[in-house]
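So the structure is just underneath, and the comments pick up after that.
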Amino acid sequence: MPADLLEHARAAKGFMPHDEGLALFRHASASVGLGPVLEVGTYCGKSAIYLGAAAREAGGPQAVVFTVDHHRGSEENQAGWEHHDATLVDVELGLMDTMPVFRRTIALAGLEDQVVAVVGRSTTVSAHWRTPLSMLFIDGGHAEVHAQNDYTGWAPWLMSDGLLVIHDVFPDPANGGRPPYDVYLRALASGDFEEVDVVGSLRVLRRTGGDAGDAVS
């Protein structure tokens, strides 16, 4: 990964461990030339730097990362929860707003041409999405309903041999919440995906059944 973007990735606010971020970069580098990469769950843009670095290295019009988020924070980001950051609250509205920090993060990294913010709820945006994806990174809300909806809404748009990457997959419930692990098991049980890499809590699966636009189980 380029040294300048490595520095920005390390400095950015977020929860992506560095080894897992480098795995994102590596897999995105092998995918982004075939079609856009899409991330569900932007937060402040840390993981988008790893993905955007791959797009910058690849170059060309196909090398784009879309990152989808309503920027009001997931359940665990709200006041009173473990991962709440009071500096991200819009004082006037009393609501989380990660968008300004994300925009500054991506601008400072020089990735505004490669990383495109899509602001809205995942279910709303996915219902209107029709572009084949070379890689899908699911790291949105970790409640069961949100994790399952992210898979249901976005996985069908992976092209054949495209990569499905799921974050915070913990087989042992003592280490983290179950919904991402449940999505991982669902994808494997569908018969449409096979696992190709494991780095920390990151699981990387390749689509082996169907093509973009085909439903997944």
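The values are calculated or read from the model by the stated rules, or taken from the named source; none is laboratory data. Small disclaimer: the values here were computed from a predicted structure and weren't measured. With ideal geometry, Cβ positions are generated from the backbone for all residues, glycine too; neighbour counts draw on all protein chains shown. Note: areas computed on protein heavy atoms with side chains; ligands, DNA, RNA excluded. Shrake-Rupley method; radii C 1.70, N 1.55, O 1.52, S 1.80 Å.
For the stretch 127-143, putting each phi into the Karplus relation 6.51 cos²θ - 1.76 cosθ + 1.60 with θ = phi - 60° gives couplings of 5, 10, 7, 9, 8, x, 10, 8, 7, 10, 10, 9, 8, x, x, 9, 5 Hz, in residue order, rounded to whole numbers and with x for Gly and Pro. Work out which GluC sites (Glu not before Pro) in the chain are exposed loop sites (DSSP not H, G, I, E or B, at most 15 other Cβ within 10 Å) and give the longest gap free of them. Here the longest segment lacking exposed loop sites spans 113-217.
Ligands, DNA and RNA left out, the accessible area of the stretch 1-121 computed with a 1.4 Å probe is 54% carbon and sulfur. Treating only the Cα positions of the stretch 154-217 as identical point scatterers, give the base-10 log of I(q)/I(0) from the Debye formula at each q in 0.23, 0.30 Å⁻¹. Log10 of I(q)/I(0), two decimals: -0.90, -1.29. Rg and Dmax, both from the Cα atoms of the chain and both in Å, are 16.1, 48. Calculated [222 nm] ellipticity per residue, helices only, for the chain: -10500 deg cm²/dmol; basis is -39500 (n - 2.57) per DSSP H run with n ≥ 4, divided by all residues, nearest 500.
Solvent-accessible area per residue in the chain equals 44 Å², computed with a 1.4 angstrom probe and all protein chains kept. Other residues within the sphere of radius under 14 Å centred on the Cβ of LEU34, judged by their own Cβ, net out at 0 (K and R +1, D and E -1). Accessible area of TYR43 (1.4 Å probe, protein heavy atoms only, ligands and nucleic acids ignored): about 30 Å². Diffusion coefficient of the stretch 104-192 by Stokes-Einstein, Kirkwood radius over Cα pairs, 20 °C, 1.002 mPa s: 149 µm²/s.
Within the stretch 140-180, the proportion of C-alpha pairs whose separation exceeds 13 Å stands at 56%. Restricting the calculation to Cα atoms, the stretch 93-150 yields a radius of gyration followed by a Dmax of 13.6, 37 Å.
Cα convex hull, the stretch 1-130: 107 Å³ per residue, rounded to a whole number.
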